[in-house]
Amino acid sequence: MTERVVATDAALDLITLLTEKHGPVMFHQSGGCCDGSSPMCYPEGDLLIGDQDIYLGTIGGAKFYIHKNQFDYWKHTQLIIDVVDGRGGMFSLEGVEGKRFLTRSRAFTAEENKELQNS
C-alpha cells in the first residue's frame, strides 16, 4: 500500500523523544503563513482539526493532517518528513530541541497514483 506520508529515521527518533516528553503528538502540514510550509508538531488535541483538514496517515504513532487547499497542491506527491538542525516554527514542539521538521517530497509513480485513486 502506498503511503501519502512517511518519515525518515531521524524524524522518527525525534517523534519518540517528543512523545516521551509531551505525551502523544500530532502533525499538521502548514500552508505557508507565519511558519512557512513546514510540518507542525503539537501535543495531540492541542490543534483542533476541522472539516477542511485531511488525514494523510500516521508517522511514528502520530497522526498527520493537511488542509484541503494544501493537499490539492501536493496530492500527487508523497510527503517525506525529515529533521534538520535549526529553529523551526515557534509553535511546533521540536523547536526547543534545536531541531526542526522539514517536508521533502517525491512525485508518485503512475501506478501509485492509480492505487491511491482506487483506495
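Details
- For I54, residues with placed amide H under 5 Å, excluding near neighbours: I66, H67, K68
- Relative contact order of the chain, defined on C-alpha pairs under 8 angstrom at six or more residues apart (%): 30 percent
- Inter-label distance, nm, simple model (7 Å from Cα along the C-beta direction), L17/Q117: 4.2 nm
- Overall, the accessible surface of the chain at a probe of 1.4 angstrom is composed of carbon and sulfur to the extent of 51 percent.
- Selection from N69, S119, L18 lying farthest towards where the dipole of the chain points positive, charges on Cβ: N69
- Spin-label pair R106/Y55, simplified geometry with 7 Å Cα→Cβ offset, distance in nm: 2.6 nm
- Heavy atoms of the protein chains alone define the surface here; on that basis region 5-112 has 54 Å² accessible area per residue at 1.4 Å probe size.
- Derived scalar couplings between HN and Hα for region 6-20 equal 9, 9, 6, 4, 4, 5, 5, 4, 5, 4, 4, 4, 5, 5, 5 Hz in order, rounded to whole Hz, by the Karplus curve 6.51 cos²θ - 1.76 cosθ + 1.60 (θ = phi - 60°), x for Gly and Pro.
- Rough spin-label spacing in nm, given labels placed 7 Å along Cα→Cβ, for K75 and L47: 2.1 nm
- Of the chymotrypsin sites (Phe, Trp or Tyr not before Pro) in region 21-119, not one is in a loop by DSSP (not H, G, I, E or B) with at most 12 other beta carbons within 10 Å.
- Lysine pair number, Cα distance threshold 26 Å (strictly under), the chain, separation 8 or more or different chains: 7
- Each of F91, Q52, M1 was scored by the projection of its Cα onto the charge dipole of the chain, and the greatest displacement toward the positive side belongs to Q52; charges sit on the C-beta of Lys, Arg, Asp and Glu.
The values are calculated or read from the model by the stated rules, or taken from the named source; none is laboratory data. This structure is a prediction, so every number in the text was calculated from the model and none was measured. Neighbour counts are summed over all protein chains in view; Cβ atoms, including those assigned to glycine, are modelled from backbone coordinates with ideal geometry. Side chains included, ligands, DNA and RNA excluded: accessible areas come from the protein's heavy atoms. Shrake-Rupley method; radii C 1.70, N 1.55, O 1.52, S 1.80 Å.
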